[in-house]
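Visitor: Sharing a structure with you now.
Rule-based calculations on the coordinates, nothing more; no lab input. Just so it is clear, the model here is predicted, and its values are computed rather than measured. Because the Cβ atoms are built from the backbone with ideal geometry, glycine has one as well, and the counts that use them run over all protein chains shown.
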Amino acid sequence: MRRAQLGLVTVLVALVVGLIFAAALGALACVVSVLVVLIAGALSSWFVRNRYRAWRYQERHEDLIVARGVMVQRLSVVPYGRMQFVEVTAGPIERLFKLSTVKLHTAAAASDARIPGLENSESARLRDRLTELGESKAAGM
Amino acid sequence: MRSDLPGEDGWQRLHPLSPLTRVGRLVPIVVLTLVLAVGRHGSDRGQEIYIAVLGVATVIFGLVNWLVTRWKIEGDTLRIESGLLRRDSKRLPLARIQAVDVVRPLLARVLGVSELRIRLAGSSSSDGRLAYLAEATATELRERLLNGPPQPAAPGTSSPTGASLPAAPEHVMASVATGRLLGSVLLSGITVVLLLIALVLLVLAIAAPSTAAAAVGFLAVYIFSLGSGLWRQLSNQFHFEAVEAPEGIRVRRGLLQSVSETIPYGRIQAVRKIEPLLWRPLGWCRLEVDIAGASRKNQRGEGSGVARKALLPVGRHQDAWHLVDRLIGQTMPEMTAPPRRAWKKAPLSYHFLAAGHDATHAECVTGRLRKITTWVPLEKSQSIRRVQGPVQRLLGLATVHVDAAGKSTRAEFRDRAVGEADRLVEELTDLSRAAREHRTKPPIERSPDLEAAIPSGWYPDPSGRHTQRYWRDGAWTEHVSNDGGATTVDTL
């Protein structure tokens with residue numbers, strides 16, 4: 001899980017964009033805007049880091065626990081048997097870092113457990129393990 | 001009719017009157033268009049030809065549709081084939097059926113045919129519809145679908161093979177009188193809106209008559225749609241009756257279009273009792289059940305949709321309690337209120353909030369103006385969640401959800417103390433696992449001698465201390481009620 005890297009990228013991008021933007025507006029504006037961008041970047045990276053740290057999951061004998069959130073803390077306990085299907089997705093930024101997201105679907109729309117930013121090998125392992133466990137413990141509806 | 005009988009390979013056709021019934025449903029629209037057209041232009045030759053061609057095309061389409069649609073039961077799947085150009089072949093596994101509805105629009109009732117709707121879990125596109133079947137065939141097929149293949153006669157019983165079994169006895173659990181239904185519809189939010197509109201118009205009419213006239217024209221559409229909403233509620237729930245049938249609970253309702261829905265007991269995901277603000281002084285409540293399967297309204301929803309069905313559109317607490325008892329068994333988990341400090345987070349709903357659970361069910365009360373009591377069988381729980389928002393963290397509170405299948409079907413243990421919430425998550429997880437593994441038998445078992453006994457229900461209290469006492473499975477229970485109000489506990 002390297003969610004923090006994504007935060008770093010945003011800071012860099014923000015800096016570059018800010019510099020270009022500020023260069024067109026003169027020296028004072030340049031300093032102010034760089035400062036603003038830096039602070040925003042620091043804040044966002046701090047935020048992203050916290051978010052990343054809050055995201056935990058645990059495979060237990062009978063169920064999967066996913067916890068996430070900084071402001072609103074959520075913890076889901078999903079029994080393997082209730083799993084309808086597992087979804088692995090990777091967006092363009094995730095692909096850049098060879099990461100992917102594993103999503104668990106149950107019949108209840110509210111209980112969907114999502115684990116983002118997994119290394120590709122780990123997500124493949126998790127996917128296979130979850131499907132295997134889901135099949136052996138299937139309870140459906 | 002020949003075509004109604006099984007063909008050589010078991011394929012069956014729909015009822016020969018079905019094209020007529022289908023087309024018949026369009027007649028009012030066609031007539032309306034005609035009248036409008038005539039009213040606007042006077043009689044117009046081109047218009048008439050156009051409508052005649054349209055009518056003939058519809059009839060031909062209906063006939064072809066009837067010719068190419070056929071169905072049969074093959075082992076434990078129902079197969080439906082339809083379509084001339086785009087052949088559509090459906091296989092509905094009987095084990096996956098969530099509910100079966102028999103719908104009879106007005107014309108179909110006149111012609112003695114009915115439509116069968118089969119609900120499966122998941123998308124509505126997999127919904128099976130057979131329109132139309134002869135009434136007897138529809139009832140027979142429904143029983144077949146819900147009970148599985150006919151059982152060979154048990155060695156002990158002396159039922160002759162081939163002879164049709166007598167229809168299983170049905171026991172009416174609840175019905176709604178027309179007067180009360182009317183009252184409940186009139187006491188809904190729509191009426192309040194209508195009254196408000198009328199009030200505004202009245203004020204306007206006094207202050208500025210010309211503006212009022214314009215406003216009437218502008219609001220007419222809304223008033224009409226609100227009024228038709230009221231009418232729909234009334235006609236849909238007219239003559240409401242919930243009946244206990246061997247294969248499930250059966251709901252019959254409808255003024256012009258009669259609907260008979262059958263929900264197998266094991267398919268109920270959650271039961272909900274709703275007490276709107278306006279109904280509370282009268283002590284009325286509504287009872288709904290959730291079953292998996294997309295309803296027409298939320299078919300675009302994410303995940304698997306859930307169909308919400310009224311089990312009792314309006315009734316006294318006693319009736320609702322009786323139904324809940326028969327549906328999910330005796331559940332009286334000890335209810336506890338959240339800690340006092342929850343008042344700061346939920347000032348409006350604080351006095352309602354309560355939740356509890358026993359080994360098989362979770363029960364909880366939520367709602368601000370509408371008091372909602374939800375029961376979720378733990379066996380049906382899909383996941384357990386604990387959510388804590390910033391305000392809750394400040395107050396040391398957390399909410400625990402027990403999710404059942406569907407979009408927003410869940411029991412909420414709202415605003416519990418953190419320690420209790422953590423304990424609840426563990427406990428509910430373990431209990432649901434145990435309930436799943438057990439797969440407790442269906443709550444209602446019908447033994448032949450039970451039918452002779454007095455059916456469960458409210459009867460005058462033999463001890464005389466209370467107005468009524470609940471009778472269940474041949475014995476008095478400790479549940480009592482006074483004047484149709486809330487139920488309390490008092491052992492005999």
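Visitor: By count of other Cβ within 10 Å, fewest leading, how are A:V86, B:V59, B:V489, B:V251 ordered?
Guide: B:V489, B:V59, A:V86, B:V251
Visitor: Here is a follow-up. Between A:R129 and A:K103, with labels modelled 7 Å along Cα→Cβ, what's the label distance in nm to one decimal, could you check?
Guide: If labels sit at A:R129 and A:K103, their model points lie 2.2 nm apart.
Visitor: Could I ask something else about it? What is the distance, in nm, between label points placed 7 Å from the Cα along the Cα-to-Cβ direction at B:L67 and at B:R117?
Guide: Inter-label distance under the simple model: 3.0 nm.
Visitor: When Lys and Arg each count +1 and Asp and Glu each count -1, what net charge do the other residues less than 10 Å away from B:T409, Cβ to Cβ, add up to?
Guide: +3
Visitor: For B:V418 and B:S188, what does the FRET efficiency come to when R0 = 56 Å and r is the distance between their Cβ atoms, rounded to the nearest 0.05?
Guide: On the way: r = 39 Å, r/R0 = 0.70.
With a Förster radius of 56 Å, E is 0.90.
Visitor: Work out the mean other chain Cβ neighbour count within 10 Å for the residues of B:404-411 and drop it here as an integer.
Guide: What the average comes to for B:404-411 is 4.
Visitor: Which FRET efficiency value, to the nearest 0.05, is calculated for B:R393 and B:A136 with the Förster distance at 51 angstrom and r the Cβ-Cβ distance?
Guide: After rounding, the FRET efficiency stands at 0.25.
Visitor: Fully extended, how many nm does the chain gain between B:L277 and B:H171 (0.36 nm per residue separation, minus their Cα-Cα distance)?
Guide: Taking 0.36 nm per residue and subtracting the Cα distance, the gain is 35.0 nm.
Visitor: What nm distance separates the two modelled labels at B:V56 and A:A54, each placed 7 Å from Cα along Cα→Cβ?
Guide: Computed distance between label sites B:V56 and A:A54 equals 7.0 nm.
Visitor: What is the mean number of Cβ atoms from other protein chains located within 10 Å of the Cβ atom of each residue in peptide B:392-402, rounded to a whole number?
Guide: Average per residue, whole number: 1.
Visitor: For the stretch A:64-141, with only Lys/Arg (+1) and Asp/Glu (-1) charged at the beta-carbon, what is the dipole magnitude about the Cα centre, in debye rounded to 20? Walk me through the intermediate numbers first.
Guide: Numbers: 11 positive and 8 negative charges, 32 e Å.
Roughly 160 debye, rounded to the nearest 20.
Visitor: Right, another one. For B:431-438, what's the mean count of beta carbons from other chains sitting within 10 Å of each residue's beta carbon?
Guide: Partner-chain Cβ atoms within 10 Å, mean over residues of B:431-438: 3.
Visitor: Then there's this: How much length, in nm to one decimal, is gained on full extension between B:F218 and B:A337, taken as 0.36 nm per residue of separation minus their Cα-Cα distance?
Guide: So the chain would gain 38.0 nm between B:F218 and B:A337.
Visitor: Still on this structure, please answer the following. Straight-line reach only, C-alpha to C-alpha below 17 angstrom: list the lysines that B:K380 could link to, leaving out same-chain residues fewer than 8 apart.
Guide: Within the straight-line cut-off, B:K380 pairs with A:K137, B:K407, B:K441.
Visitor: Given Cα pairs under 8 Å that are at least 6 residues apart, what percent is the relative contact order of the stretch B:177-237? Walk me through the numbers on the way to the answer.
Guide: On the way: 20 pairs, mean separation 28.5, N = 61.
Result for the stretch B:177-237 is 47 percent.
Visitor: Round to a whole angstrom and tell me the spacing of the C-alpha centers of the stretch B:213-246 and the stretch A:35-83.
Guide: 46 Å
Visitor: If you don't mind, there's one more thing I want to ask. Counting only other residues whose beta carbon sits under 9 Å from that of B:A310, what net charge do I get with K and R as +1, D and E as -1? Mind showing how you got there, number by number?
Guide: Working: positive: B:R253, B:R286, B:R308, B:K309; negative: B:E288.
In short, +3.
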